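The values are calculated or read from the model by the stated rules, or taken from the named source; none is laboratory data. Since we're looking at a predicted model, the values are computed, not measured. No Cβ is skipped: glycine too gets one built from the backbone with ideal geometry, and neighbour counts run over all protein chains shown. Accessible surface areas use protein heavy atoms only, side chains included; no ligands, DNA or RNA. Shrake-Rupley method; radii C 1.70, N 1.55, O 1.52, S 1.80 Å.
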Amino acid sequence: MKKTALLAALVLLSFSGLMLHYRIHPFMVVDKLHPGISTFDGTLFLDALLPLTNLLLVTALFMSRKTAVYGYLLNGMLVIFGTILMAHFSIAEIMARSIPFPAMLINSTLPDICICWADFFVGKALYDSYLKDSP
């Protein structure tokens with residue numbers, strides 16, 4: 001597979017992860033006193049830093065053969081952190097609401113975690129393609 005197609009897949013997965021993340025943790029929240037005005041919530045913006053880093057920095061690092069190893073390392077770290085944090089969020093939410101077992105998979109962050117890991121494996125394939133072309 002060509003590197004440009006893998007890089008495009010990495011960008012699309014990262015962007016879709018960021019949009020899914022924004023749907024769960026919107027950092028532009030509607031002001032309760034003034035319903036027509038949205039305000040910036042810095043604590044919720046911190047939640048968006050991992051997917052934003054994945055979209056911008058990891059993609060930039062994978063654009064060059066020299067920095068692809070750092071992109072692969074950072075991508076792996078972000079996937080591990082994201083998996084742990086999303087699983088914790090999901091387990092805490094499920095326990096707090098006493099969701100029945102069949103609905104756990106649908107109401108959990110398991111699909112989001114799968115997207116995160118798909119992003120990692122696309123990054124791995126991209127990194128492997130750089131290794132294959134090395135002299």
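Data overview
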read-out	value
Verdict on LEU57 being part of a helix (DSSP H, G or I) and modelled with pLDDT of 95 or more	yes
Failed criterion for ASN107 (all others in (1) under 14 Å from the mean Cα position of the chain (by Cα); (2) open to solvent by 40 Å² or more (accessible area, probe 1.4 Å) hold)	(1)
Among (1) in contact with a Cys (Cβ under 8 Å, 6 or more places away or on another chain); (2) surrounded by 18 or more Cβ atoms within 10 Å (Cβ to Cβ) - the single one ASN75 does not satisfy	(1)
Test set (1) within 25 Å of VAL122 (Cβ to Cβ); (2) open to solvent by 30 Å² or more (accessible area, probe 1.4 Å) - ALA48 fails condition number	(2)
Where PRO26 falls short, out of the listed (1) in a helix (DSSP H, G or I); (2) surrounded by fewer than 16 Cβ atoms within 10 Å (Cβ to Cβ); (3) under 15 Å from the mean Cα position of the chain (by Cα)	(1)
Which numbered condition THR39 misses (of (1) assigned to a helix (DSSP H, G or I); (2) among the polar types (S, T, N, Q); (3) over 16 Å from the mean Cα position of the chain (by Cα))	(1)
Condition broken by SER64, with the remaining ones in (1) in contact (Cβ under 8 Å) with a residue 24 or more places away in the chain; (2) within 13 Å of LEU126 (Cβ to Cβ); (3) open to solvent by 40 Å² or more (accessible area, probe 1.4 Å) satisfied	(1)
